[in-house]
Each structure stands twice: as C-alpha cells, then as structure tokens.
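Have a look at the structure below before the remarks.
The values are calculated or read from the model by the stated rules, or taken from the named source; none is laboratory data. Quantities reported herein were computed from a predicted structural model and do not represent experimental measurements. Cβ sites come from the backbone with ideal geometry, for glycine too, and all protein chains shown count toward neighbours.
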Amino acid sequence: MNTHIDHLLEQLWMAEEDGLDVLAESHDNESIPTASCEGHQDRPAADHSVVKTICECLPDLLEAGVAERRNGNVVLTGKGSKRAEQLIRSHRLAEALLSQAMNIDVEAEQDTICQLEHALSPAVADHICAFLGHPPTCPHGRPIPRGRCCQKVTRDISPLVVPLSDAVVGKSYRITFITSGRNGRLDRLAVLGITPDTEMWLHQKRPSYVLRVGETDVAVDKDIARDIYVCPA
C-alpha cells in the first residue's frame, strides 16, 4: 500500500477519533458542513481540505478495500482500520521515543517521524512501547493504540529506561544512553567511565549522586543525573 493511501487512512482514523464525519462528497465552500445520520445527529464533518482530498482519492480507497461509503460518509473497513491503527501506533510511539528518550522537538521532525512510521514493524513498535513503559499518550496528548505487548501488562509499570535521577539507591543499572548535547560534558563523563553500556551501582542521591563504576566512586550533580538514562542491570 502506497504512502499516500496510508496518509488518508490516518486522516480517516483521526476523524473518527475526534468524533468527526468524512462526507462522501466534498463541498465547494470552505465552511465545515455537518452530517446527520443515525446515531450521529448534526455531528460536524472533518476539515474541508481533508474531506476534499479523501473524496478525490475515494475510488482508490474503495478499490484497495480499505474504505467504504456508509450513510453518506467515508469510513474505514476492517482492513483499513487495522492498517490505520498500526500506522497511528507507530507514528505516536516514534514521537514519544524522540521526545522522551532523545529530547528532540517532534514538531520540527514530523517528516522524519512520518518515514519512521512506515519503517517500524509491529514487533519493533512493541519493543519501543515496552522500552518507554507502555506510554498511554503521545507528546500531543493523543492516545497511543494498545499493542500485544500492552495486553500482557495487567498493572501500571514504570518505563524500562529511566533517568538516573529516578533510579533507586542500592541497585545496579546499565547506562543505555546520555542525552546531553554538550560535547565537553560527554567527554568528561567518558573519562570517568560513564559511557553507554557500562554497568554501575547507585550508592546515594544526596547531597550529590554517587555511582560506583567498576572500582571507582563517581559523584555527579542532579542536572547531569537527568541526562544519564539507565535500565536495570
């Protein structure tokens, strides 16, 4: 399925998520029409430009079996809904990963995120989801569709990877990554043995963070501890 069709499926998914109807026929004026059908009296329609684009490509959507006409609206079929859910899940997980783990402005990287959503297999998406602790929403506050990995979780759990500032004293961790963009700081930490894939023991948090790396005790302040991400060793 091509990326253009995928984009339309995402638009249809989000319209349903927002309680909007996508009319099967576009309107020439720029006003947002309303749709009246059984169960959805006077429910507003999606943005005019979205409706127009979907209507123009409706034959392709129908031929692919991913959408259908119903009560004057365009809706996803079971096949289309499954594909749209996968894309939305991958997109929002990619946003969460870049935002939470890498401190990247997701608004400035939407083109990259759109490419990632097509590259992530369901299995990789599940690994990212588990890595982030099965986040319920993306950075924009929209729900992330649950995956098979989430169905196995019967209680709230903490993310697998956390900042050192959130780690528990008296436990062993492995450093997964360091987010600081200051090259000088990264170099100084490397000299101290604080590098990705290094195991450490968190000895104390106050008055400073003291970690044991190998046979050496190293003290860092809270700002640095927030930049060091760890997982249980």
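Okay, residues lined up against (1) exposed (fewer than 13 other Cβ atoms within 10 Å of the Cβ); (2) β-branched (Val, Ile, Thr); (3) touching a residue at least 60 places away in the same chain (Cβ under 8 Å):
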| residue | (1), (2), (3) |
| --- | --- |
| Arg185 | no, no, no |
| Arg188 | no, no, no |
| Val191 | yes, yes, no |
| Ile194 | no, yes, no |
| Trp201 | no, no, no |
| Lys205 | no, no, no |
| Leu211 | no, no, no |
| Thr216 | yes, yes, no |
| Asp223 | yes, no, no |
Q.
What pairs come out if I take residues in the range 123-148 that are farther than 22 Å from Arg83 by Cβ and pair them with residues that are among the aromatic types (Phe, Trp, Tyr) whose C-beta lies under 9 Å away, six or more apart or interchain?
A. none
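Considering only residues that are in contact (Cβ under 8 Å) with a residue 24 or more places away in the chain and surrounded by fewer than 19 Cβ atoms within 10 Å (Cβ to Cβ), which ones fall in the range 62-98?
Taking the range 62-98 first, the residues in contact (Cβ under 8 Å) with a residue 24 or more places away in the chain are 64, 66-67, 69, 71-76, 80-81, 83-97.
Correct list: Ala64, Arg69, Asn71, Gly72, Val75, Ser81, Glu85.
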Q) Within the range 83-98, how many residues are touching an Asp or Glu at 6+ places or on another chain (Cβ under 8 Å) and either assigned to a loop (DSSP other than H, G, I, E, B) or of a type outside the set (Lys, Arg) (or both)? A) 7
Q. Does Ala35 meet the test of being farther than 21 Å from Glu117 by Cβ, touching a strand residue (DSSP E or B) at 6+ places or on another chain (Cβ under 6 Å) and at pLDDT below 50?
A. yes
Q: Out of the residues in the range 123-133 that are assigned to a helix (DSSP H, G or I) and among the hydrophobic types (A, V, I, L, M, F, W, C), state the one that is nearest to Leu160 (Cα to Cα).
A: Phe131
Q: Check off (1) closer than 17 Å to Trp13 by Cβ; (2) under 12 Å from the mean Cα position of the chain (by Cα); (3) of a type outside the set (Val, Ile, Thr) for Cys129 and give me the number that stays unchecked.
A: (1)
